[in-house]
1. Only one of 252, 263 is more than 13 Å from the ligand (Cβ to nearest atom), touching a residue at least 24 places away in the same chain (Cβ under 8 Å), surrounded by fewer than 17 Cβ atoms within 10 Å (Cβ to Cβ) and within 20 Å of residue 226 (Cβ to Cβ); which?
2. Does segment 100-124 hold any residues that are over 13 Å from residue 82 (Cβ atoms) and surrounded by fewer than 17 Cβ atoms within 10 Å (Cβ to Cβ), and which are they?
3. Quick one: in segment 168-182, which of the residues that are within 24 Å of the chain's Cα centre (by Cα) and away from the ligand (no atom under 16 Å from the Cβ) is farthest from residue 411 (Cα to Cα)?
4. For residue 246, which of the numbered conditions (1) buried (at least 21 other Cβ atoms within 10 Å of the Cβ); (2) more than 16 Å from the ligand (Cβ to nearest atom); (3) assigned to a loop (DSSP other than H, G, I, E, B) fails to hold?
5. Specify the residue that is farthest from residue 6 (Cα to Cα); the eligible residues are those in segment 124-167 that are part of a strand (DSSP E or B) and within 16 Å of the ligand (Cβ to nearest atom).
6. For segment 289-306: of the residues being over 17 Å from residue 422 (Cβ atoms) and in contact with a helix residue (DSSP H, G or I) (Cβ under 7 Å, 6 or more places away or on another chain), which is nearest to the ligand (Cβ to nearest atom)?
7. Out of (1) surrounded by fewer than 17 Cβ atoms within 10 Å (Cβ to Cβ); (2) within 24 Å of the chain's Cα centre (by Cα); (3) in contact (Cβ under 8 Å) with a residue 24 or more places away in the chain; (4) not in a helix (DSSP H, G or I), the odd one out for residue 195 is which?
8. What's the number of the condition residue 222 fails, among (1) surrounded by fewer than 22 Cβ atoms within 10 Å (Cβ to Cβ); (2) within 16 Å of the ligand (Cβ to nearest atom); (3) within 20 Å of the chain's Cα centre (by Cα); (4) more than 17 Å from residue 352 (Cβ to Cβ)?
Ligand code: UDP
C-alpha cells in the first residue's frame, strides 16, 4: 500500500480577494505575500494530513495552498494512508483531545505500537523528499508521530492542531500524554484558540491561527437562485420540477464550469420538501460529537408544540462509505436512521437524512453550498467543536445560525447579534424554542444573517489566515 499520496493543488489568484475586501487590506496583504515569497524562495512548504476529502482540514488546504502557489510559493499537500486499526486509534485520540471518551478504548502501549508502526513507512518515505530549509506542517494527531523521524531532515517542523478542548479532563490529559513524545521534536505549534494549548506544550512556541473559508470556492461562491433551485431539485433535496431557467452550474476551483450530475441518497418517508418550505439544515460528518441525533430530537420537540410551523429538517453528511479516516461514520449514520424510525409518523415525515455524493469533491461542495444558501436556519448543535467551518460557511451566506456555544463557535458568533449560541447543547427544550421563534420571524433571520456575513468578512476570510502564517515564518527563523 502506498504510504503517501500527493494531492494536486490548483492556483488561485490572490487578487480576487479585492472583490470582497477593502483596498487598504489588499495592499497590506500583497506586501506581506511578496515578502513571504522571498523568504520561501528555494524551499518547499509541505502539508501532511490524513484525508483529502471530508472535514475542515481537507476543506481549507486546497484553498490556502492554491493562493500561496499563485504568488510563487512551492506548497504541496500529502495525505498519509493507514489501516482501519490506525484510524480507530487516531479517532480515539481525536475524541480524547475534545475531552470525550469516544469508544472508551484505551490509549496505551498497544495503541502506541499500532500508531507508530503505521506511521513509520510514511515518515521514512516523506523524510526522503524533504530538504534542508523546507517547511513541514503536520496536521492533527494523525501525523504528529512523524515528527521524530523528520527531526534530522533540516526542515522547520510545525504541528498544526485543529482540535482542542477549553477545559481539561481525564480524556484530554490521556490524549496529550499519548502525543507528548512526538511533540517535543517540533519547533512551533499552531492552535485555533488560546485555551487549546495544552500544558505539555511550551506556550512560547505556540501561535494562534483561526481557520477561515474561501469565499470563491465551489463551497462558498455566489450561486444564482436558479442554480440553487436546480441543484437541489436534481439531487433530490427539494421537490421538482426545476425552474424554467434551470442552471446546474457552478464554477470549479480552476475556473472551469462544473455541473452537478449525481443524486443524493436520502432516507425519508414521503416526498422531498417543496421549494418554499423553510428548511432547518445541519451539514456535518456523521460523528457523535456533531449530535445529528440531538438535532432531530430538538426538532421533534418543536413539532410537538403544534403551533403550525411548517419547517422541515435536513441532516446532511458525506456518504459514509467514502470517508476513510473516520471509522465511526457508518455507525453514527445507522444510529441516526434508527432514531428516525422511532419518531412519531408526523415528525418523521418532516425529517430527511441525506448522504451526499463524494466522488467529486467540488460537486459535493456545490451541493452543500446550495443547501446552506437555501436553508431558512442553519444549525450546528455540536457537543464539542474545534472551530466549526460549517458555521462560518453559513454565516458568509447570510444565514441565521443556531449553534452550540462550544469551542471555536464562541469565537465566531456574537450571541444574539450574528447568530444564536446555545449555552447548553444538551438543553433540547431551549433549542426547540429558538428554532420555533426564528421560524416565526423572517425579519429576525435576515437581520442575524446580515450581521453574520459582516463578521466573516472582518475575521474569517483566507487572506487574514495567510497573513498569520507569514508571521509564523518569522517565529521559526525564516527571515
Ligand atoms: N462537509 C462537506 N460535505 C459533507 C459534510 C461536511 O463538504 O457532506 C464540509 C463542511 O462544509 C465543512 C467541513 O466539511 O467545510 C467540516 O468542517 P468543520 O470545521 O465544520 O468540522 P470537522 O468535520 O472538521 O470537525
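Every number in this text was worked out from the coordinates using simple rules, so none of it is lab data. Because the structure is predicted, anything quoted here is derived from the model rather than measured. So basically every Cβ, Gly included, is an ideal-geometry build from the backbone, and we count neighbours across all protein chains shown.
1. Just one listed residue meets the conditions, 263.
2. If the condition is that a residue be over 13 Å from residue 82 (Cβ atoms) and surrounded by fewer than 17 Cβ atoms within 10 Å (Cβ to Cβ), then 101, 103, 104, 105, 106, 108, 109, 110, 112, 113, 124 are the ones that fit.
3. Only one residue fits best here, namely 179.
4. So residue 246 meets the others, but not (1).
5. 160
6. Once the filter is applied, the top-ranked residue is 303.
7. Among (1) surrounded by fewer than 17 Cβ atoms within 10 Å (Cβ to Cβ); (2) within 24 Å of the chain's Cα centre (by Cα); (3) in contact (Cβ under 8 Å) with a residue 24 or more places away in the chain; (4) not in a helix (DSSP H, G or I), residue 195 violates only (4).
8. The failed condition is (2).
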